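Novice: Structure provided below as C-alpha cells; questions to follow.
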Amino acid sequence: MAMKRKIYNELLEWKNKRNGATAVIIEGARRIGKSYIVEEFARNEYDSYLLIDFNKADKVVWEWFDNYLEDLDTLLMNLQIHYGVRLTPRKSVIIFDEVQLCPRARSAIKYLVADGRFDYIETGSLISIKKNVKDILIPSEEQALPMYPMDFEEFLWALDDDLMMPFITQCFQKRKPLGGLHRKALDYFRTYMIVGGMPQAILKYIETHDFEEVDRVKRSILQVYKNDIAKYASNVEHKVKSIFDELPAQLQKHEKKFRLSALESGAAYRDYDDAFFWLSDAGIINICYNCTAPNIGLRLNMERNTLKCYMADTGLLFSHAFDEKGHVPNEIYQKIIHDKLEINEGMLVENIVAQMLTTAGHKLYFYSNSSRENAEDRMEIDFLTAKSKLTSRHNITPIEVKSSQRYTLSSINKCINKFGNYLSTPIVLHSADLKQEKGIDYLPLYMTPLL
C-alpha cells in the first residue's frame, strides 16, 4: 500500500526550482519513512536512480569516496557498474541513504553538485552529532528538509479519507463548529494519538485493526531507538538512556518540566546538554523551552535550563509508558479511544499537541512562573507560539491544552491580565467542539495542525 506524504511535493518543488543547483537532505528519526518516500520519488520523477544505503554499502564503495573526489568520472562510473544502474545526465538522481554513516560521502556533495550531471538526495538522522560532522566541511549546496512522523492529515489519507481534513480546515477558517461531524473527527484524532505517526504502525492498524498487533510494531521501533542509543550515543550513552527511560514518568506529572533530580541528585543542565541534543537530533524527542516573558519575541527570552521534553511520536510514547508487561492490552487502547481512561491522558494529549505544533513548523515554548509572593503572577501556560513577523503588539498566542471535560482557566486569564498587550487571541485546545467566548478561541484538539 502506498503511503501519501506531504514531503513528496516539497521534493518536487526542489527538483523543479533548483534544477541540480543544490542537493536536498531529508532529516528525521529512524522509521518515519524517509527511505521509502525518497525511493518512491526517484522512481516516479526520474528516468533512473542509484541508491547507496550506507547501512549496507560495501567497504569498497566507502573507499571510492576517499580516493576519487578529484576524479568524478571514475567515481560515478564505478558506482554505476557496482549497482548495475545506467544514469542519464540531468535525468537521473543518486540517493545517499543514511548519509551520516559516511561523512566523506556527505562532504563530496559539494563537488558532485558542482559537476552538475545528476541530482542528489540524501537522507539521515543524527546529522549534526559531533562525530558525524568531524573533519568534514558541511556543504552549503545542501538544502535541508525536516521530516516527521505522519501527521493527522496523512493518517486520514492512509485511512482513505481525504474529505475530513479539508472540512476541518474550512470550519477553522470560518470559526464555526463541526456540529454532527465533531464526534467522528474526535474519534479519528484519538485513534491517531494512540496508533501514532510511524508508517509501519499505521499500516499494521489498517491491515488488522488490532491494537496489540500495532503495539508490537511500535515496541520494535522503540527497540531500534534503544539499540541506536547503545550504538551511537558513545560518551553520553548513559545520560541519553536515562532521559529516554524517564520520559513517561516526567510527562505524567501535573507540572511537566523535566526534573534532572529524577536522574541524579545535584545534576545540572549543562551536564546533560549533549544528551538532550542527541535525542533531539535523532528525532526521538521534541524539546519545549521556558520563555521567561511572553512578550515581543519568544527566542529573546528563552531559558535553556528549564525545559519540557516530549516524545516526537505520541503512539511510541503510549507504548513506552504502559510497558509493565511488555505489551499494552487492547482494553487500555479502547479506554483511550472512548475517553474512559482518566489517568495518563493529559500526558498523551499534551504530547500530541507538541508533536502537531512541531510538524507544523513551530519552535516549542511554554511559560511558567511559580511566584510565591504574588498569586496573580503564578501561572503555567502550556505552549506559546509567535507570529512570523514581529510587531510591537499582539505577537504571542498562549495555548492551554485540556484533556478532561471539566477544567479551569485561571492561568490563561492571569496571562491575559498581565501580558494582554502582547497577546494575539488566546487558544484553549479541548475535546469539545469549536466555540468563541470572552475573547478566547476554544478549538477541538484536531485543529492543532492549523494554528
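Novice: Working only within the stretch 25-67, note down all residues that are surrounded by fewer than 19 Cβ atoms within 10 Å (Cβ to Cβ), within 17 Å of Asn9 (Cα to Cα) and not aromatic (Phe, Trp, Tyr).
Specialist: Ser35, Glu39, Glu40, Arg43, Asn44, Glu45
Novice: Among the residues of the stretch 1-20 satisfying the criterion of being at pLDDT 95 or above and in contact with a helix residue (DSSP H, G or I) (Cβ under 9 Å, 6 or more places away or on another chain), which is surrounded by the most Cβ atoms within 10 Å (Cβ to Cβ)?
Specialist: Arg5
Let's see how each residue does on (1) farther than 22 Å from Lys4 by Cβ; (2) under 21 Å from the mean Cα position of the chain (by Cα); (3) surrounded by 13 or more Cβ atoms within 10 Å (Cβ to Cβ); (4) not charged (D, E, K, R):
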site	(1), (2), (3), (4)
Asp160	no, no, no, no
Met164	no, no, yes, yes
Arg175	yes, no, no, no
His209	no, no, no, yes
Val214	no, yes, yes, yes
Ile221	no, yes, yes, yes
Val236	yes, no, yes, yes
Asp245	yes, yes, yes, no
Gln252	yes, yes, yes, yes
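Novice: Out of Leu69, Leu79, I need the residue that is among the aliphatic types (A, V, I, L, M), at pLDDT below 95 and assigned by TED's automatic domain parsing to the domain that holds Ser35. Which one? Steps first, answer last, please.
Specialist: Details: Leu79 fails: at pLDDT below 95.
Being among the aliphatic types (A, V, I, L, M), at pLDDT below 95 and assigned by TED's automatic domain parsing to the domain that holds Ser35 holds for just one of Leu69, Leu79, which is Leu69.
Novice: Another question, if that's okay. Please determine, by comparing only the residues of the stretch 314-360 that are of a type in the set (Asp, Glu) and at pLDDT below 75, which one is nearest to Arg190 (Cα to Cα).
Specialist: Within the stretch 314-360, the first condition is being of a type in the set (Asp, Glu), and the residues that meet it are 323-324, 331, 339, 342, 345, 350.
Going one step further and asking which of them are at pLDDT below 75, we end up with 323-324, 331, 339, 342.
Values: Asp323: 20, Glu324: 22, Glu331: 14, Asp339: 9, Glu342: 14 Å.
Result: Asp339.
Novice: Does Lys231 satisfy being surrounded by fewer than 13 Cβ atoms within 10 Å (Cβ to Cβ) and either at pLDDT below 95 or among the hydroxyl-bearing types (Ser, Thr, Tyr) (or both)?
Specialist: yes
Novice: Continuing with the same structure: Do we have Glu70 as surrounded by fewer than 20 Cβ atoms within 10 Å (Cβ to Cβ), of a type in the set (Asp, Glu) and more than 26 Å from Ala158 (Cβ to Cβ) here?
Specialist: yes
Novice: Scanning for something part of a helix (DSSP H, G or I) and buried (at least 22 other Cβ atoms within 10 Å of the Cβ), does the stretch 127-146 turn up at least one residue?
Specialist: no
Novice: Does at least one position in the stretch 138-149 carry a residue that is in contact with a strand residue (DSSP E or B) (Cβ under 6 Å, 6 or more places away or on another chain) and small (Gly, Ala, Ser)?
Specialist: Yes, the conditions are met somewhere in the stretch 138-149.
Novice: Same structure, new question: Can you say whether Leu69 is more than 34 Å from the chain's Cα centre (by Cα), assigned to a loop (DSSP other than H, G, I, E, B) and of a type outside the set (Ser, Thr, Tyr), as far as the supplied structure shows?
Specialist: Yes.
Novice: Kindly evaluate Arg183 against the criterion of being part of a helix (DSSP H, G or I), surrounded by fewer than 18 Cβ atoms within 10 Å (Cβ to Cβ), of a type in the set (D, E, K, R) and in contact (Cβ under 8 Å) with a residue 60 or more places away in the chain.
Specialist: no
Novice: Return the residues of the stretch 81-95 that are over 35 Å from the mean Cα position of the chain (by Cα) and surrounded by 15 or more Cβ atoms within 10 Å (Cβ to Cβ); say none if nothing qualifies.
Specialist: Scanning the stretch 81-95 gives a single hit, His82.
Novice: Is it the case that some residue within the stretch 76-87 is farther than 30 Å from Gly315 by Cβ and polar (S, T, N, Q)? Before you say what the answer is, go through the steps one by one.
Specialist: So the first thing to find is which residues in the stretch 76-87 are farther than 30 Å from Gly315 by Cβ, and the list is 76-87.
With the extra rule that they be polar (S, T, N, Q), the set shrinks to 78, 80.
Checked against the condition, which is being farther than 30 Å from Gly315 by Cβ and polar (S, T, N, Q), the stretch 76-87 yields at least one hit.
Novice: Select from the stretch 401-415 the residues that are in contact (Cβ under 8 Å) with a residue 12 or more places away in the chain and within 30 Å of the chain's Cα centre (by Cα) and list them in ascending order. Don't jump to the end; show me each part of the working.
Specialist: Of the stretch 401-415, the ones in contact (Cβ under 8 Å) with a residue 12 or more places away in the chain are 401-405, 407, 409-412, 414-415.
Selection gives Val401, Lys402, Ser403, Ser404, Gln405, Tyr407, Leu409, Ser411, Ile412, Cys415.
Novice: Turning to a different aspect of this structure: Take the residues in the stretch 405-451 that are among the small types (Gly, Ala, Ser) and at pLDDT below 90, then tell me which one is surrounded by the most Cβ atoms within 10 Å (Cβ to Cβ).
Specialist: Kept after step one, since they are among the small types (Gly, Ala, Ser), are these residues of the stretch 405-451: 410-411, 420, 424, 431-432, 439.
Cutting the leftovers down to at pLDDT below 90 gives us 410, 420, 424.
Working: Ser410: 13, Gly420: 12, Ser424: 15.
Per the criteria, the residue is Ser424.
Novice: A further question follows. Residue by residue through the stretch 404-451, note down the ones that are polar (S, T, N, Q), assigned to a helix (DSSP H, G or I) and more than 15 Å from Met379 (Cβ to Cβ). Before the answer, list the steps.
Specialist: First, the residues of the stretch 404-451 that are polar (S, T, N, Q): 404-405, 408, 410-411, 413, 417, 421, 424-425, 431, 436, 448.
Narrowing further to those that are assigned to a helix (DSSP H, G or I): 410-411, 413, 417, 421, 448.
Passing the criteria: Asn421, Thr448.
Novice: Can you tell me which of (1) over 30 Å from His394 (Cα atoms); (2) surrounded by fewer than 23 Cβ atoms within 10 Å (Cβ to Cβ); (3) in contact with a Phe, Trp or Tyr (Cβ under 7 Å, 6 or more places away or on another chain) is the one Asn305 doesn't meet?
Specialist: Looking at each condition in turn, Asn305 falls short on (1).
Novice: Something else about it: Can you tell which of Tyr188, Tyr192, Tyr205 is hydroxyl-bearing (Ser, Thr, Tyr), over 25 Å from Asp281 (Cβ atoms) and without any contact (Cβ under 8 Å) to a residue 24 or more places away in the chain?
Specialist: Values: Tyr188 fails: without any contact (Cβ under 8 Å) to a residue 24 or more places away in the chain; Tyr192 fails: without any contact (Cβ under 8 Å) to a residue 24 or more places away in the chain.
Within the list Tyr188, Tyr192, Tyr205, the selection yields Tyr205.
Novice: May I ask you to list the residues in the stretch 12-37 that are in a helix (DSSP H, G or I) and more than 18 Å from the chain's Cα centre (by Cα)?
Specialist: Leu12, Glu13, Trp14, Lys15, Asn16, Lys17, Arg18
Novice: Considering every residue within the stretch 378-393, establish whether at least one is over 28 Å from Glu153 (Cβ atoms) and in a strand (DSSP E or B). Spell out the reasoning first.
Specialist: Restricting attention to the stretch 378-393, the residues satisfying the condition of being over 28 Å from Glu153 (Cβ atoms) are 378-380, 390-393.
Imposing the further condition that a residue be in a strand (DSSP E or B) reduces the set to 379-380.
For the stretch 378-393, residues over 28 Å from Glu153 (Cβ atoms) and in a strand (DSSP E or B): present.
The values are calculated or read from the model by the stated rules, or taken from the named source; none is laboratory data. Treat the numbers as computed from the prediction; the structure is a model and nothing was measured. All Cβ positions, glycine included, derive from the backbone under ideal geometry; neighbour counts span all protein chains shown.
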